[in-house]
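Trainee: Dropping a structure here in structure tokens format, bear with me for questions.
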Amino acid sequence: MKEYNFSAIESKWQKYWDEHQTFKAENGSTKPKFYALVEFPYPSAAGLHVGHPRPYTAMDVIARKKRMDGYNVLFPIGFDAFGLPTENFAIKNHVHPAVITKQNIENFTRQLHMLGYSFDWDRVIDTTDPSYYKWTQWIFLQLWKHGLAYKTTMPVNWCTSCKCVLANEEVVEGVCERCGAPVVRKEKSQWMLKITEYAQRLIDDLDDLDFIERVKIQ
């Protein structure tokens, strides 16, 4: 068998895809549409970790299959770049958050290109871009005006070192999975969204989704 020179072969085709915009979603196309969406990476570290390429690879396979089936596939990527973990990473490395976020996004982008995913790179989203977050702020104001955003006090998981709220999944045996500091339960005033107003509608609309039954039950 001939040796598979992956560095030469993969870089050749990645360059071709980029130059020919092979994975660009076409506006106004007459082809049937398919929207492939994965969670955006959170650039609060210097580079990707193994938890990123696992779901990206699975969705990339689906997106490529749909293109071969004749679909106009929209497969975007972006960077969920706001938040205290990014600020803590910046403090730890003695670099301004805006600077370190830009550097991290550039490296994430390089790594994603290197992995050869079929993202539409013309549709990249950066949540720290004012042209993006002006709309998230606008949406919040609409929710507030309609009584769907309100402030209340709730118990949260509080990292005593990062000084931020953690999800249950980020607490491992009573400590922060990021820094290892003790996590305490703390009452904190915060904004809430009244999703319970739509609980029954969300349940009823599951009937129209082609998810497997186990996922619907969950």
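The values are calculated or read from the model by the stated rules, or taken from the named source; none is laboratory data. The structure presented is a predicted model; accordingly, all values stated were derived computationally and were not measured. Neighbour counts are summed over all protein chains in view; Cβ atoms, including those assigned to glycine, are modelled from backbone coordinates with ideal geometry. Each accessible area value is taken on the protein alone, full model and side chains, heavy atoms only, with ligands, DNA and RNA left out. Shrake-Rupley method; radii C 1.70, N 1.55, O 1.52, S 1.80 Å.
Trainee: If you count only protein heavy atoms and use a 1.4 Å probe, how large is the accessible surface of residue 178, to the nearest 10 Å²?
Mentor: For residue 178, solvent-accessible area is about 130 Å².
Trainee: Round to a whole angstrom and tell me the spacing of the C-alpha centers of the stretch 104-127 and the stretch 154-218.
Mentor: Each part reduced to its Cα centre gives a spacing of 28 Å.
Trainee: Let me ask something else about it. What's the FRET efficiency of residue 68 with residue 39 using the Cβ-Cβ distance as r and R₀ = 22 Å, to the nearest 0.05?
Mentor: After rounding, the FRET efficiency stands at 0.35.
Trainee: Here's something else I'd like to know. Give me the extension gain from residue 49 to residue 2: residue separation times 0.36 nm, minus the current Cα-Cα distance, reported in nm with one decimal.
Mentor: Net length gain for the segment: 13.8 nm.
Trainee: Another question, if that's okay. Using a cut-off of under 11 Å, list every residue of the stretch 142-180 whose amide N is near the label point 7 Å from the Cα of residue 190 along the Cα-to-beta-carbon line.
Mentor: Only 152-159, 164-168 pass the distance filter.
Trainee: Within the accessible area of the chain, what % is carbon and sulfur when the probe is 1.4 Å and the other protein chains stay in place?
Mentor: On the way: 9020 of 15520 Å².
The computed percentage sits at 58.
Trainee: Let me ask something additional. When Lys and Arg each count +1 and Asp and Glu each count -1, what net charge do the other residues less than 12 Å away from residue 160, Cβ to Cβ, add up to?
Mentor: Cβ neighbours under 12 Å give a net charge of +3.
Trainee: If you line up the long axis of helix 53-68 against the longest principal axis of the chain, both from Cα atoms, how many degrees apart are they, to the nearest 10?
Mentor: That helix lies at roughly 50 degrees to the long axis.
Trainee: Quick one: if you stick a label point 7 Å off each Cα along the C-beta vector at residue 9 and residue 115, how many nm between them?
Mentor: Distance between the two pseudo-spin positions: 2.1 nm.
Trainee: Here's another thing I want to ask about it. If you take the beta carbon distance between residue 208 and residue 21 as r and set R0 to 35 Å, what does 1/(1 + (r/R0)^6) give as a FRET efficiency, to the nearest 0.05? Walk me through the numbers on the way to the answer.
Mentor: On the way: r = 34 Å, r/R0 = 0.97.
About 0.55, to the nearest 0.05.
Trainee: Rounded, prolate or oblate, given the Cα gyration tensor of the stretch 174-218, with a/c below 1.5 counting as rounded?
Mentor: oblate
Trainee: Restricting to the chain, what percent of DSSP beta bridges are antiparallel, rounded to 5?
Mentor: Taking every DSSP beta bridge within the chain, about 75 percent pair in antiparallel fashion.
Trainee: Going by accessible area, probe 1.4 Å, with all protein chains left in place, what is the ranking of 24, 92, largest first?
Mentor: If we order 24, 92 from most to least accessible, we get 92, 24.
Trainee: A further question on this structure: Might you work out the accessible area of residue 40 for me, using a 1.4 Å probe with all protein chains in place, and round it to the nearest 10 Å²?
Mentor: 60 Å²
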